[in-house]
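Single-structure report; data block below.
The values are calculated or read from the model by the stated rules, or taken from the named source; none is laboratory data. These figures come from a predicted structure and were not determined experimentally. Quick reminder, even Gly has a Cβ in these numbers, built from the backbone with ideal geometry, and neighbours come from all protein chains shown.
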Amino acid sequence: MKIFKVGGAVRDTLLGYPHVETDWVVVGATPSDLLDQGFAQVGKDFPVFLHPKTKEEYALARTERKSGRGYHGFEIHAHPSVTLEEDLERRDLTINAMAMDDDGRIIDPYGGQADLERRLLRHVSPHFVEDPLRILRVARFAARYKHLGFNVAPETLSLMKDIVAQGELAHLSIERIWVETERALAEQGADVYFAILKACGALAALMPALTLTNGIDSLAIACCHTERADCRWAALLSALTSEKADKTCDAIKAPKLFKALAHSVCEYRPQTKNALRDPARCFDLLKGLDAMRRDEPFEGFVNTLAALEGIATDVHPSVSMLRAAREAAKGVSAADIGEEGVTGPALGAAIKERQITAIAAAL
């Protein structure tokens, strides 16, 4: 039995890039060999085990054969006879198909080190087309390593187009699509993720409304000024109507907070300029953002507003005015008005009137 460090940990070690997870592959072993050493198996039929102390994943060397549609349609063959090279061949990209032994020696049968030097995301084998999830993974890696100058190899992009043309994306779960998308939104070059999806045709299949806007360019600007994934998502959708933004969020099951912020940005951002000139309109905008009662989606809204214009939130003039108007409106006390003898429906009207007056003074 031999154990090797594999995948992302090897890749990022060679890049000098931080990583938090380490995966291992075990060659020449059976499930009972690992169970006898105290490892815990993950799932009934999947040959992955958790180390008894570190809880890191140790997978038996295996091969995979396509047996159905989608990324679950594989038959797994894990056996002591499977070699390290055979296990590495089933991986998506050459930079992910390297291993490291206990002495730090790199096992690299498919040219991963050369592709790291060339800053190239290239598939390992023609079997790449068998898993549609790889489209999203490649796009996410392109986003992660944008600042290092990585690009997708033309021949790999061609295979990604083939996957889309074959209708394989329809067999991906919506939940998995969102998981990869949310991860990409947290990367430095989040815009690249969507640009790659557009280039291979996947964006038209998954989020068609975005192919008709300059949302990717807007996201590229916003990425430099906010690290909030929900704000970046809202920036991407900012050119849509609020109705189309809602449909796009629903289509890939974006979380409620992401959907709410995107809706708010699409609905109220076009109104901001006029709202800052008219206290009554400003009141309506703040009311629509529920800003008098809670911080979100107001803070996400102003964060996105500033990021879309390439300005830091704390120095954006419109953001400063909106925050001042919000604080002024929140300063109006229903209790104080109630002490004046105003009750019932008149109380609500009086609160609104005084809040508008306070907003006018703040603006």
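Whether a residue is touching a helix residue (DSSP H, G or I) at 6+ places or on another chain (Cβ under 7 Å), over 20 Å from residue 217 (Cβ atoms) and not assigned by TED's automatic domain parsing to the domain that holds residue 13 was assessed, and residue 174 does not pass this test.
Yes/no matrix, rows are residues, columns are (1) surrounded by 17 or more Cβ atoms within 10 Å (Cβ to Cβ); (2) within 30 Å of residue 148 (Cβ to Cβ); (3) of a type in the set (D, E, K, R):
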position: 4; (1), (2), (3): yes, yes, no
position: 7; (1), (2), (3): yes, yes, no
position: 31; (1), (2), (3): no, no, no
position: 81; (1), (2), (3): no, no, no
position: 106; (1), (2), (3): no, yes, no
position: 109; (1), (2), (3): no, yes, no
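Counting only helices (runs of 4 or more DSSP H) that sit wholly inside the stretch 201-306, those with at least 1 residues that are touching a His at 6+ places or on another chain (Cβ under 9 Å) are 229-237, 242-251. Residues that are farther than 21 Å from residue 76 by Cβ and either crowded, with 23+ Cβ neighbours inside 10 Å or in contact with a Gly (Cβ under 6 Å, 6 or more places away or on another chain) (or both) within the stretch 87-101 comprise 94, 95, 98, listed in sequence order.
Looking at the stretch 177-200, can you tell me whether even one residue there is free of Cβ contacts under 8 Å to residues at least 24 places away in the same chain, assigned to a helix (DSSP H, G or I) and among the charged types (D, E, K, R)? Yes: one or more hits. For residue 310, the conditions (1) at negative phi; (2) assigned to a loop (DSSP other than H, G, I, E, B); (3) more than 17 Å from the chain's Cα centre (by Cα) all hold with the exception of (1). Selection within the stretch 46-61: residues that are crowded, with 18+ Cβ neighbours inside 10 Å and under 25 Å from residue 126 (Cβ atoms). The member of this set that is modelled with the lowest pLDDT is 47. A single entry from 43, 73 fulfils the requirement of being over 30 Å from residue 165 (Cα atoms) and modelled with pLDDT under 95: 43. For the stretch 112-131, the set of residues classified as touching a Phe, Trp or Tyr at 6+ places or on another chain (Cβ under 6 Å) and modelled with pLDDT of 95 or more consists of 119, 121, 124, listed by residue number. Just one of the numbered conditions (1) polar (S, T, N, Q); (2) touching a helix residue (DSSP H, G or I) at 6+ places or on another chain (Cβ under 7 Å); (3) free of Cβ contacts under 8 Å to residues at least 24 places away in the same chain is not true of residue 158: (2).
For the stretch 30-50, name all the residues that are out of contact with any strand residue (DSSP E or B) (no Cβ under 6 Å at 6 or more places or on another chain) and within 16 Å of residue 4 (Cβ to Cβ). Residue satisfying the conditions is 33 alone. Within the stretch 312-359, the residues that satisfy the criterion of being free of Cβ contacts under 8 Å to residues at least 60 places away in the same chain, among the β-branched types (Val, Ile, Thr) and buried (at least 18 other Cβ atoms within 10 Å of the Cβ) are 319, 332, 337, 351. Across the stretch 248-273, the qualifying residues are those that are more than 17 Å from residue 303 (Cβ to Cβ) and in contact with a helix residue (DSSP H, G or I) (Cβ under 7 Å, 6 or more places away or on another chain), and the one among them that is surrounded by the fewest Cβ atoms within 10 Å (Cβ to Cβ) is 253. Within the stretch 53-67, one or more residues are free of Cβ contacts under 8 Å to residues at least 24 places away in the same chain, in contact with a strand residue (DSSP E or B) (Cβ under 9 Å, 6 or more places away or on another chain) and not basic (Lys, Arg).
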